[in-house]
Amino acid sequence: MSQVFMNEVERLKRQILSLSAMVEEHVMLTVNALRERDEAKAKQVVNNDNQIDAAEVEVEEEGLKILALHQPVAIDLRFVTAVLKINNDLERIGDIASNVARRTRRLCQNPEVDVPSELIELGRHVRDMLHDSLDAFVILDPEKALAICARDDRADELTRRVRTLAQEAAVNDSERLPLYVDIILAARNFERIGDLATNICEDVIYMVRGEIVRHKDLAECD
């Protein structure tokens, strides 16, 4: 393994960790904006999305350069390919958080519409899933990654609960139907963040064990 290769891999690590921190902050700010009904914070999330896009492109370019110039094998190849997949998932999480922020801005302008506490809980839950999935990536812990995957069921449950509550409220307040649709779609957006955090965990397992666990029952992966 050449020193040039090692230096470029270290640079790739720094870039993906920087993007990870940026996206995690993006999601945290989105959840806070919704919880506090803070339009300024929601606007900040939307405005910061371009920074995530730019960082994602830099990681992709660096990863592809390593693959093309050094043709890594075994664990090094798994690391670079996993980083490229995680990079894509992080960019998508950033976009989804921005979508929630846009819906939050509309909800902030209509304080008479209550935001279900379950939606806030869902946002916190997937925020924590993302944080822990990135921690599992940093420490390369497949057991921790596997445990995080199991937490996605709770995100699905909360999403269904928010949808039911918003639909019931819309029946009695049909004039504000578009806002209840925003609540339902925000829940779906948060649920998708949970799905992508699970994807990151699956990539950590692949990186460490060389095992593809997508489409497998979790019990088969212990």
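Values computed for the structure shown
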read-out: Count of residues meeting criterion [in contact (Cβ under 8 Å) with a residue 24 or more places away in the chain, assigned to a helix (DSSP H, G or I) and not aliphatic (A, V, I, L, M)] in region 153-177; value: 6
read-out: Residue satisfying all of: in region 200-220; at pLDDT below 95, under 21 Å from residue 87 (Cα atoms) and among the charged types (D, E, K, R); surrounded by the fewest Cβ atoms within 10 Å (Cβ to Cβ) among these; value: 214
read-out: Close pairs (6 angstrom Cβ cut-off, 6 or more residues apart or separate chains): surrounded by 12 or more Cβ atoms within 10 Å (Cβ to Cβ) in region 52-72, among the small types (Gly, Ala, Ser) and at pLDDT 95 or above anywhere; value: 52/94
read-out: Boolean, residue 90 is more than 18 Å from residue 20 (Cβ to Cβ) and either surrounded by fewer than 16 Cβ atoms within 10 Å (Cβ to Cβ) or in contact (Cβ under 8 Å) with a residue 60 or more places away in the chain (or both); value: no
read-out: Output for region 6-49, where each listed residue is under 29 Å from residue 103 (Cβ atoms), within 16 Å of the chain's Cα centre (by Cα) and surrounded by fewer than 16 Cβ atoms within 10 Å (Cβ to Cβ); value: 18, 21, 25
read-out: Candidates 100, 57, 73 - the one that is touching a Leu at 6+ places or on another chain (Cβ under 9 Å) and among the aliphatic types (A, V, I, L, M); value: 100
read-out: Qualifying position, being buried (at least 21 other Cβ atoms within 10 Å of the Cβ) and in contact with a Gly (Cβ under 9 Å, 6 or more places away or on another chain), among 155, 197; value: 155
read-out: Selection count, region 26-49, where residues are part of a helix (DSSP H, G or I) and either of a type in the set (Lys, Arg) or closer than 16 Å to residue 113 by Cβ (or both); value: 8
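The values are calculated or read from the model by the stated rules, or taken from the named source; none is laboratory data. The shown structure was predicted, so the numbers you read here are calculated from the model rather than taken from an experiment. When we count neighbours, we look across all protein chains shown, and the Cβ atoms used for this are built from the backbone with ideal geometry, even at glycine.
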